[in-house]
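Only one structure is covered here, and it is reproduced in the block below.
The values are calculated or read from the model by the stated rules, or taken from the named source; none is laboratory data. Because the structure is a prediction, the values reported are computed rather than measured. Here the Cβ is made from the backbone with ideal geometry for all residues, glycine too, and neighbour counts use every protein chain on show. For the accessible areas, the whole protein counts, side chains as well, though only heavy atoms, and no ligand, DNA or RNA atoms are used. Shrake-Rupley method; radii C 1.70, N 1.55, O 1.52, S 1.80 Å.
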Amino acid sequence: CIREESTQSILRLETGQGQSYPVKDGIPDLTFPNPLPASDNNTRQFYDLRSETYDQYLPLTFKTHHEDEQKIRNSLIDGLSLTQGDRILEIGCGTGRDSEIIARRLGVEGELYLQDISALMLKKCRLRLENVELKKEFCVANAVYLPFPDNFFDATYSFGSLGEYSDIRRSLAEMDRVTKTGGKIL
């Protein structure tokens, strides 16, 4: 359930087991563990500090390697074999550069769940997708502890963030856990 704390005007998401998570600007912060380990907290701070200029400088990465960013992104997303109406998780969605492509392919019947460790990057993603018609759910979370049920997604996608996770092996196990049997993880 979601409740508002009257003394602080803070929305909180509360579980039946007594855990409480803040909801800021409509985005729940489902970060676990809290506090974050130092390496995950450093990653959060790194991306929070770069959220305003991230889209301005990221294309240089592709240009440096003489690659077409949109061609690369579309080619990777092709590997998901998406169909309209799928339920997809994008881990480390950042400012939504891939999210736009995924959303178009899912159509209005699709569901796109967007996760990032940086609330500021996630806000940029939400702004980028504000006019896209499909079910969108945003959450701040640690990719090492995904806040989703087992076998929930048709596919799980992450591009460029795997090396940022404090425990890559555990994050891959989490991706496997939340993706349906026979689903794709890319």
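Worth pointing out:
- Selection status of Pro33, of a type outside the set (Val, Ile, Thr) and over 25 Å from Ser166 (Cα atoms): no
- The one condition from (1) modelled with pLDDT of 95 or more; (2) within 15 Å of the chain's Cα centre (by Cα) that Leu49 does not meet is (2).
- Filter result for Gln45 (within 20 Å of Val144 (Cα to Cα), free of Cβ contacts under 8 Å to residues at least 40 places away in the same chain, out of contact with any Leu (no Cβ under 9 Å at 6 or more places or on another chain) and in a helix (DSSP H, G or I)): yes
- Unique match (being of a type outside the set (Asp, Glu), assigned to a helix (DSSP H, G or I), modelled with pLDDT of 95 or more and under 18 Å from Val23 (Cβ atoms)) among Leu114, Leu127: Leu127
- Across the range 107-164, the number of residues qualifying as under 22 Å from Lys24 (Cα atoms) and of a type in the set (Ser, Thr, Tyr) comes to 3.
- Scanning the range 143-161 for residues that are open to solvent by less than 70 Å² (accessible area, probe 1.4 Å) and in contact with a strand residue (DSSP E or B) (Cβ under 9 Å, 6 or more places away or on another chain) yields Ala143, Leu146, Pro147, Phe148, Phe152, Phe153, Asp154, Ala155, Thr156, Tyr157, Ser158, Ser161.
- Qualifying residues in the range 12-41 (those that are among the aliphatic types (A, V, I, L, M) and over 14 Å from Leu120 (Cβ atoms)) - the one most open to solvent (accessible area, probe 1.4 Å): Ala38
- Test: residue in the range 162-180 that is of a type outside the set (Phe, Trp, Tyr) and at positive phi: no
- The number of residues in the range 162-186 being buried (at least 16 other Cβ atoms within 10 Å of the Cβ), modelled with pLDDT under 95 and aliphatic (A, V, I, L, M) comes to 0.
- Arg44 surrounded by 15 or more Cβ atoms within 10 Å (Cβ to Cβ), out of contact with any Cys (no Cβ under 9 Å at 6 or more places or on another chain) and more than 24 Å from Ala155 (Cβ to Cβ): yes
- Any hit, the range 112-131, residues being out of contact with any strand residue (DSSP E or B) (no Cβ under 9 Å at 6 or more places or on another chain), open to solvent by less than 10 Å² (accessible area, probe 1.4 Å) and hydrophobic (A, V, I, L, M, F, W, C): yes
- As a summary of the residue check, Ile88 satisfies the conditions (1) modelled with pLDDT of 95 or more; (2) β-branched (Val, Ile, Thr); (3) open to solvent by less than 80 Å² (accessible area, probe 1.4 Å); (4) outside any strand (DSSP E or B) except for the one numbered (4).
- Sole exception among (1) at pLDDT 95 or above; (2) open to solvent by less than 50 Å² (accessible area, probe 1.4 Å) for Glu67, by number: (2)
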